[in-house]
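Asker: I am attaching a structure below and will ask some questions about it afterwards.
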Amino acid sequence: MIAYLSIRNLSVSLSNGPEILRSISLDVDAGEVHGLVGESGAGKSIIGKSVLGILPRAMGITSGEIWLDGVNLLSLSVAQRRRRIGALAALIPQDPLTALNPSRRIGPQITRRLVGILGWSKSAAQARALELLKEVHIENPEHVMRSYPHELSGGMRQRVLIASAFAAEPKLIIADEPTTALDVTVQKQILRLVGEMQARHRTALLFVTHDLGVVSKVCDHLSVLYAGMIVEKSQMRSFFAAPSHPYSRALLAASPKYDDLSGGLVPVPQAVIDQLDGEITAFDKGSRT
Amino acid sequence: MLCSIQSYAMRDTRSEIRPKLGIRLWLCGGWLFCLVLGALFAPWISPQDPLAQDLFAARLPPFWVAGSEPGFWLGTDSLGRDVLSRMLHGARLALIVAFIAGTLTCLIGSTLGIFAGYYQGWADRVISRFIDIWMAFPPVLFAILLIAVIGTGMTSIIIAIIIIDWTRFTRVVRAETMSQSVMDYIASAQVAGRGKFSTMVSEILPNLLPTIVVLLSLEMGIAVIVEAILSFVNLSISTDSPTWGGMIAEGRISIHQAWWVLVFPLIALFLTVLSFSQFGEGLKDRFDPVLR
Amino acid sequence: MLSRILFTRLLSTAVTLMGVAVIVFVIIRVVPGNPIAMMLPPGATDADIERLKAFYGFDKSILEQFIVWLANVLQGDFGNSISLRQPVSSLVLGRLPATLELSIFALLMAVLIGGGLALIGTRSRGTATEAAIDVTNGMALSIPDFLWGLFFILMFGVLLPIFHISGRISPSLNLDFSTNFYLVESLLRLRFDIFMDLIGHMFMPALALAIPLAAIIAQLLKQSLKESMNLDYVTLARTKGYSEYQVIIKEALPNAVLPTLTLVGVQFTFLIGGTVIIERLFSYEGLGNMAIDAVINRDLPLIQGIVILFAALFTVINLVVDMMYVVLNPKLRHA
Amino acid sequence: MMYEVRDLQLSLPDMVRKPLLGPAPKIDILKGISFDLPKKSVLGIVGGSGSGKSTLGRTMVRLLEPSAGHIKFDGQDVSHMGEEKLRPLRRRFQMIFQDPMSSLNPRQRIGRIIAAPLELHGWDNVAQRAIEALVMVGLPESFAKRYPHELSGGQRQRVGIARAIALQPEFILADEIVSGLDVSSQAQVLILLEDLVRELDLTLAFVSHDLSVVRRLCDQVIVMREGLIVENAPTATLFTSPQDDYTKELLAAIPLPDPDQPFN
């Protein structure tokens, strides 16, 4: 039985050569949350973008398979893939300030796709949007439906985006650093909300973040990335109990911890970086022969 | 007029796939260099006297067309004056106007722009109000009107160009200064104890220079066009002195009998304007440390 | 909010127009070549000169002259043309339709060409097509309308004479129109022969005016479309099953149009300013052509009238564009 | 005392709500801030977005002029001091900015960026001193010849630090200096700062939205909310027994890399 989302040996590179992802494989099943952790440039966002078919123009998938609900997306035509992704998956983006169309009211931004692409009736879509806004704990949904994005706070906008992502009952959600732009107190509410929605709808959730603290709050499994390679894939609790790769240990040590004055804020040792670079060179050699 | 060149502000955002080759710089620079040489040495290299009329040699075609005469390489106009010699002498006026008017307009306009953008307050309000008023004038008509009032002649052309075109520099430089002023490196200079004026000169100005150089080069091309337009409506300098615009006006009338009278000055004008507008961009691409 | 912005802008427009009036008046009154001298028949006496000066009001102080003139202008009286000996207002309004038709026709051409190129460039971003569009744009931007006009006269007047390069309408056509909006009226009266003749005359000068603006529109719109395509909400739309074309038109375009709109407003006034020389070049009987004649003849009242009319037109266009910007931008509308 | 701040208030005109005629209404950013900063201590200034923490910092180094209240720097009242009189004092309090891309002049080389303030204060050997500062922050000498856009984010932030310490100030304000960096460069920059504070006997104010970053570095922490100080306490006390509800809320909201942390 294949997992709901199954990525196999996915490689992505820039059109002028450099590798962005190096043979990534991971599975996410319905009701499961998989965290992708790494520093900037590790390629964690690129995995989500590859699945959703929104890679930047300069990048391309060079090999691998992306199975979504039993179908390899990469074997489909562009138009077919786009329709399939539109029906089965959704994205919660990073920056709630720019992820809503500033010139359109909230209501239509949620309902338009339900009506236009999925063929719902207008009233059904309207009712669904209201119900969703209530589900993400928005106090007066009727008023919010009529508002423009700039009239809402950052946290409210992120709630709207979460509601919108769940609108068509997708089976896979990709959350790309959904709380990085928010204050910690708002982040906490949003993390709780994402977890709640995911559990209720039993979706598969791919959660991209740079923050190991966030991972420990929402994920069941996680993959640690470095330079486009998964260096450790693990079950969440066992990871925090005993990370196996030295880089994972270094990342954990570098994360600030306010409860333990002696711990935290340790830079990644040069030896670890050298070891990683060695592994990458070895990998590149292996893939070339 | 020149609406094409008015919109400097967006040129910066040109697509990232522009050719990075220095070839543009070399081509434009090459043409301008030849033009300067031609203008400098016009009295010695012109094959004929540019003012000499010879009604028996009127409307001679250029050298490769049957019926041409040696010594009149690009033909003659309806009064028998040599086209090549007139173009070489016309280049003198065009280039003098381009360099002097361009530079002065740039100095005056940029100074006003940087002061308005950096010090803001009432100076900015006054300058902006004048820009608003200037934007309500059709520039060509404004230029023609000024020349009619202050009289023809090279100085008048230069004054007219400065008066109609200072706003181009002021607008762009003011906007650019304002966007630089809110950057933290300005705050940083203040924290270091640098005075306001000194910050403007040593921190902001270097960041405006690439923009100003591009604008200056553009303005020189525009000055050439303005001079040509004024000559075209017979309002630049004394009527029988050779000017490109005057030749074009004459060529426009006799276009069906002697196309070469229009074509050669037009080509010269085309290349000169294009070269000036691209030269600044080329310089910026080549020498701006942020792009390099 | 909207009414407040409107009021502020109207106030500022009035101040601008007043400034234009003052400047035009000052420039013209310092004219060294005495216009009276040019109008005198040979053998006129000093008494004749004084009489003429008094008739045109040139014997009063500058300030007095200005106040009298301004009071008249506010009543719609711009005085009489010296060279044509007719009321300035009727002369100017008689020519305005020709210039307006030419400018608006040119604007439509520019928007169609520029908008089309921008959409094509955005769909084919990163390819040779886009590079070709960019290079063409760069060239088109650098060459002003005056040179394009001359180029078209050579190409389509001499080498390939398919368009008229002189005048507004063929003199052989019998016109019995009641307005000077020939193009509009010929359509309303279903006189397609006249319509085609007008277009045949207008096409070359309009294209000369349109090309630089088209290049600007193409460049700016393509740039902001490409930026919009990278915005998060457009990316989000791309994951929702829309086609690339739908995404560009429905999500990216409304956002990209706003900055372009402001620019097109300003550029449209530059285009109208360009009609002055283009009309001269193509002997098109519009306002600009008349303006140059007026300057050459030192016809002060006529020059004043034309410049004020141009200025009023420009400020109104800018006002309309500003208002459109506010109406189309929900952030300002609901602030 | 390095700084004595008393009832500091700052309001800015709200241009959005400005009526057609007359002055714009004021928005109060700082609503009465008082605290003392002893010499050679490290102060954390923490709060959410819009709390006024960066404004407070910028007022302390007199990039902004307070509307009311007093700031004393080393005993001198600098609250309304003119730019001329401030100039000699300016060398003594320096600032490191949040966004190094914006705070480093893009068209100057790194060496020039560090040396310019030294020249301004009439020092000699400025080029040599600039290079010494570069070395102190762990960058190679060759970086003096580079332009800011040729550096990585962490390297640029080090240049910002080098520029501040080159003047040998007594006080440095660090405004959100690690918020744009990855965790590993974050740790490097913080450790560098910690070492410099100790070696150079600096007084430091560290503005951050992230309480967890503050803990390691600071002796004393101010928690701000909506222009007011809600809690001012020694670091250890603040983290172990926070008094104010907002502080407690902030602390509880930080996700620790620990699955057993109570979070809901």
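Asker: As a check on your grasp of the helix formula, calculate [θ] at 222 nm for chain C: sum -39500 (n - 2.57) over DSSP H runs of n ≥ 4, divide by the residue count, round to the nearest 500. Walk me through the intermediate numbers first.
Answerer: Working: 14 runs with 240 residues, N = 335.
That calculation yields -24000 deg cm²/dmol at 222 nm.
Asker: Which residue fluctuates most in the GNM of chain A (Cα springs below 10 Å): A:VAL184, A:VAL33, A:VAL224?
Answerer: A:VAL184
Asker: So, one more: Please report the relative contact order for region C:96-333, taking Cα pairs under 8 Å with a sequence separation of at least 6, and give it as a percent rounded to a whole number. If you can, show how the numbers build up before the last one.
Answerer: Numbers: 256 pairs, mean separation 66.3, N = 238.
Across region C:96-333, relative contact order equals 28 percent.
Asker: Would you mind giving the mean number of other chain beta-carbons within 10 Å of the Cβ of each residue in B:168-180, as a whole number? It would help to have the intermediate numbers written out before the result.
Answerer: Details: counts 0, 0, 0, 1, 0, 0, 0, 0, 0, 0, 0, 0, 2.
Mean shielding count: 0.
Asker: Would you mind classifying chain A by shape? Square roots of the alpha carbon gyration tensor eigenvalues, ordered a ≥ b ≥ c; an a/c under 1.5 is rounded, otherwise it is prolate if a/b is larger than b/c and oblate if not.
Answerer: Note, shape of chain A comes out oblate.
Asker: What aspartates and glutamates sit close enough to D:LYS26 to cross-link, taking a C-alpha to C-alpha distance under 19 Å and skipping anything fewer than 8 places away on the same chain?
Answerer: Leaving aside aspartates and glutamates fewer than 8 places away in the same chain, those within reach of D:LYS26 are D:ASP7, D:ASP14, D:GLU65, D:GLU226.
Asker: From the helices alone, meaning DSSP H stretches of at least four residues, give me the mean residue ellipticity at 222 nm for chain B, per-run term -39500 (n - 2.57), in deg cm²/dmol to the nearest 500. Write out the running numbers ahead of the final one.
Answerer: Values: 12 runs with 197 residues, N = 292.
Mean residue ellipticity at 222 nm (helix-derived): -22500 deg cm²/dmol.
Asker: As a footprinting exposure proxy, order B:MET87, A:MET145, C:MET324, B:MET220 by other Cβ within 10 Å, with the fewest listed first. Please report the intermediate quantities before stating the final value.
Answerer: Details: B:MET87 25, A:MET145 20, C:MET324 14, B:MET220 28.
By the 10 Å Cβ count, ascending, the order reads C:MET324, A:MET145, B:MET87, B:MET220.
Asker: Which angle from 0 to 90°, rounded to the nearest 10, does the C-alpha axis of helix B:154-181 make with the longest principal axis of chain B?
Answerer: Helix B:154-181 and the main axis of chain B meet at about 30 degrees.
Asker: From other protein chains only, count the Cβ atoms within 10 Å of every residue's Cβ in B:119-132, then give the mean. The partial results should precede the final answer.
Answerer: On the way: counts 0, 0, 0, 0, 0, 0, 0, 0, 0, 1, 4, 3, 1, 8.
Whole-number average of other-chain Cβ neighbours for B:119-132 is 1.
Asker: Using only atoms on other chains, find how many Cβ atoms lie within 10 Å of each Cβ of peptide A:184-193 and report the average.
Answerer: Numbers: counts 12, 7, 3, 3, 8, 1, 0, 4, 2, 0.
Per-residue shielding by partner chains comes out at 4.
Asker: With 10 angstrom as the radius, rank D:ASP99, B:ASP54 by how many other C-beta atoms surround their C-beta, starting from the fewest.
Answerer: Values: D:ASP99 18, B:ASP54 15.
By the 10 Å Cβ count, ascending, the order reads B:ASP54, D:ASP99.
Asker: A further question on this structure: Please state the relative contact order of chain A as a whole percent: Cα pairs under 8 Å, 6+ residues apart? Don't skip to the answer; put the middle values down first.
Answerer: Values: 482 pairs, mean separation 68.9, N = 289.
Averaging sequence separation for qualifying contacts and normalising by length gives 24 percent for chain A.
Asker: Which entries in the list A:LYS44/A:LYS217; B:LYS196/D:LYS53; B:LYS284/D:LYS145; A:LYS49/C:LYS250; D:LYS40/D:LYS72 go over 24 Å, if you measure between the two C-alpha atoms of each? Mind dumping the intermediate values first?
Answerer: Details: A:LYS44/A:LYS217 18 Å; B:LYS196/D:LYS53 26 Å; B:LYS284/D:LYS145 20 Å; A:LYS49/C:LYS250 22 Å; D:LYS40/D:LYS72 16 Å.
Long pairs (Cα-Cα over 24 Å): B:LYS196/D:LYS53.
Asker: Under 13 Å from the Cβ of C:ILE306, count the other residues' Cβ atoms, weight Lys and Arg +1, Asp and Glu -1, and hand me the total.
Answerer: Within the 13 Å Cβ shell, the charges total -2.
Asker: Right, something else. Based on the mean of other beta carbon atoms within 10 Å per residue, what is the order of A:98-111, C:277-290, most packed first? Write down the numbers at each step before the final one.
Answerer: On the way: A:98-111: 21.1, C:277-290: 25.6.
Those peptides, ordered most packed to least, come out C:277-290, A:98-111.
Asker: Once you list every other residue whose beta carbon is under 15 Å from the beta carbon of C:LEU271, what net charge do they have if Lys and Arg are +1 and Asp and Glu are -1? Working shown, then result.
Answerer: Working: positive: none; negative: C:GLU101, C:ASP145, C:GLU279.
That works out to -3.
Asker: How much mean residue ellipticity at 222 nm does chain A get from its helices, if each DSSP H run of length 4 or more adds -39500 (n - 2.57) and you divide by all residues, to the nearest 500 deg cm²/dmol?
Answerer: Counting only the DSSP helices, I get -12500 deg cm²/dmol.
Asker: Please list, in order along region D:59-71, the HN-Hα scalar couplings obtained from phi with the Karplus expression 6.51 cos²θ - 1.76 cosθ + 1.60 (θ = phi - 60°), rounded to whole Hz, x for Gly and Pro.
Answerer: Running phi through 6.51 cos²θ - 1.76 cosθ + 1.60 with θ = phi - 60° gives 6, 4, 8, 6, 7, 10, 9, x, 7, 7, x, 9, 10 Hz.
Asker: Can you order the peptides B:131-141, B:263-273 by their average number of other Cβ atoms within 10 Å per residue, highest first? Each step should come with its number before you reach the end.
Answerer: Details: B:131-141: 23.4, B:263-273: 21.7.
Descending mean neighbour count gives B:131-141, B:263-273.
Asker: Here's something else I'd like to know. In whole Hz, with x marking every Gly and Pro, tabulate ³J(HN,Hα) for region A:63-78 from phi via Karplus 6.51 cos²θ - 1.76 cosθ + 1.60, θ = phi - 60°.
Answerer: Result, ordered by residue: 7, x, 9, 10, 8, 10, 6, x, 10, 6, 4, 6, 8, 8, 6, 4 Hz.
Asker: Right, something else. Fewest to most neighbouring Cβ within 10 Å: what's the order for C:VAL15, B:VAL233, D:VAL223? Let's see the in-between values first.
Answerer: On the way: C:VAL15 13, B:VAL233 23, D:VAL223 27.
Listing C:VAL15, B:VAL233, D:VAL223 from fewest to most nearby Cβ atoms yields C:VAL15, B:VAL233, D:VAL223.
Asker: Can I ask one more? Please compute the contact order of region D:66-154 in relative form: average sequence separation of alpha-carbon pairs under 8 Å and at least six residues apart, divided by the residue count, as a percent.
Answerer: Working: 63 pairs, mean separation 23.1, N = 89.
Here the relative contact order equals 26 percent.
Asker: Whole angstrom only: what separates the Cα centroid of region D:89-115 from the Cα centroid of region C:238-297?
Answerer: 43
Asker: Report the net charge of residues surrounding C:TYR182, where surrounding means a beta-carbon distance below 14 angstrom and charges are Lys +1, Arg +1, Asp -1, Glu -1.
Answerer: Numbers: positive: C:ARG95, C:ARG168, C:ARG189, C:ARG191; negative: C:GLU101, C:ASP176, C:GLU185, C:ASP193, C:ASP197, C:GLU285.
Computed value for this residue: -2.
Asker: Looking only at C:GLN267, C:GLN75, C:GLN86, which one moves most when chain C is put into a Gaussian network model with springs between Cα atoms under 10 Å?
Answerer: Most flexible of the set in this elastic network: C:GLN75.
Every read-out reported here was derived from the displayed coordinates using simple, explicitly stated rules and does not represent laboratory data. Everything numeric in this text was worked out from a predicted model, so none of it was measured. Counting neighbours? That spans all protein chains shown, and the Cβs are built from the backbone with ideal geometry, glycine included.
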